[in-house]
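The values are calculated or read from the model by the stated rules, or taken from the named source; none is laboratory data. Since the model is a prediction, treat every value here as computed from it, not as a measurement. Here the Cβ positions follow ideal geometry from the backbone for every residue, glycine too, while neighbour counts run over all protein chains shown. Keep in mind that these areas ignore ligands, DNA and RNA; they rest on the heavy atoms of the full protein, side chains included. Shrake-Rupley method; radii C 1.70, N 1.55, O 1.52, S 1.80 Å.
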Amino acid sequence: MKKSSVISTVSIIIIAVLGAIFTHLGMQWYEGLTKPTQWIPSFVIPILWTVIYLSFIVALWLWQNKKPLTRETIVLLAINGFLNVLWCLVFFTLKSLFLGNVIIVINVLFAIKLLFEICKDRPLYGLWLSIYPTWLCVAATLNLAVWILN
């Protein structure tokens, strides 16, 4: 077992747990917001995030088993993790719809940059992990709709 794989896994778990904590803290407030009629059922969102986090854990384990991640990939992974947690904090805990929109758009841009970086080195993993920026684009659209409606 490589140390880098363990660090990657622990980092992803910490990001997921922090995001879940901040989300939970604002869930009662969130449930009271007006949402679009075409809304994703609440139970789908944590399932999607679980799939995304597990996909990154597996992909990074496989990748690092063959060769080390590039410095740029590590930086982009860290930025994306930070932005995910920051969005949960700002949107749910601090209840800032506008700033939440700003952060999620920035997150989408960094997620796309991360995807291109992954595709340069591991195209198959890039295809596999494209679920992440795709979901962020959907989430950003929903975020914007919530901001407009409230």
**OP:** Identify the single condition in (1) in contact with an Asp or Glu (Cβ under 9 Å, 6 or more places away or on another chain); (2) hydrophobic (A, V, I, L, M, F, W, C); (3) closer than 20 Å to Ala20 by Cβ that Leu76 does not satisfy, given that it satisfies every other one.
**Re:** (3)
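For every residue, the table says whether it meets (1) of a type in the set (A, V, I, L, M, F, W, C); (2) over 13 Å from the mean Cα position of the chain (by Cα); (3) over 18 Å from Tyr132 (Cα atoms); (4) open to solvent by 60 Å² or more (accessible area, probe 1.4 Å).
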{"position": "Ile15", "(1), (2), (3), (4)": "yes, no, no, no"}
{"position": "Gly81", "(1), (2), (3), (4)": "no, no, no, no"}
{"position": "Phe91", "(1), (2), (3), (4)": "yes, yes, yes, no"}
{"position": "Leu97", "(1), (2), (3), (4)": "yes, yes, yes, no"}
{"position": "Ile106", "(1), (2), (3), (4)": "yes, no, no, yes"}
{"position": "Ala111", "(1), (2), (3), (4)": "yes, no, no, no"}
Original post:
For the range 1-114, which helices (runs of 4 or more DSSP H) that fit wholly inside it have 1 or more residues that are farther than 19 Å from Asn150 by Cα?
Top reply: 3-25, 44-66, 71-88
Subject >> Qualifying residue in the range 52-61 (condition: modelled with pLDDT under 95, over 14 Å from the mean Cα position of the chain (by Cα), open to solvent by 40 Å² or more (accessible area, probe 1.4 Å) and farther than 19 Å from Phe22 by Cβ) >> reply: yes
Original post:
Quick one: how many residues across the range 62-79 are β-branched (Val, Ile, Thr) and either touching a residue at least 24 places away in the same chain (Cβ under 8 Å) or surrounded by 19 or more Cβ atoms within 10 Å (Cβ to Cβ) (or both)?
Top reply: 3
Original post:
Failed condition for Gly19, given (1) more than 20 Å from Ile118 (Cα to Cα); (2) in contact with a helix residue (DSSP H, G or I) (Cβ under 7 Å, 6 or more places away or on another chain); (3) at pLDDT below 95, with all others met?
Top reply: (3)
**OP:** For the range 125-142, state whether one or more residues are under 22 Å from His24 (Cα atoms), over 14 Å from the mean Cα position of the chain (by Cα) and open to solvent by less than 60 Å² (accessible area, probe 1.4 Å).
**Re:** yes
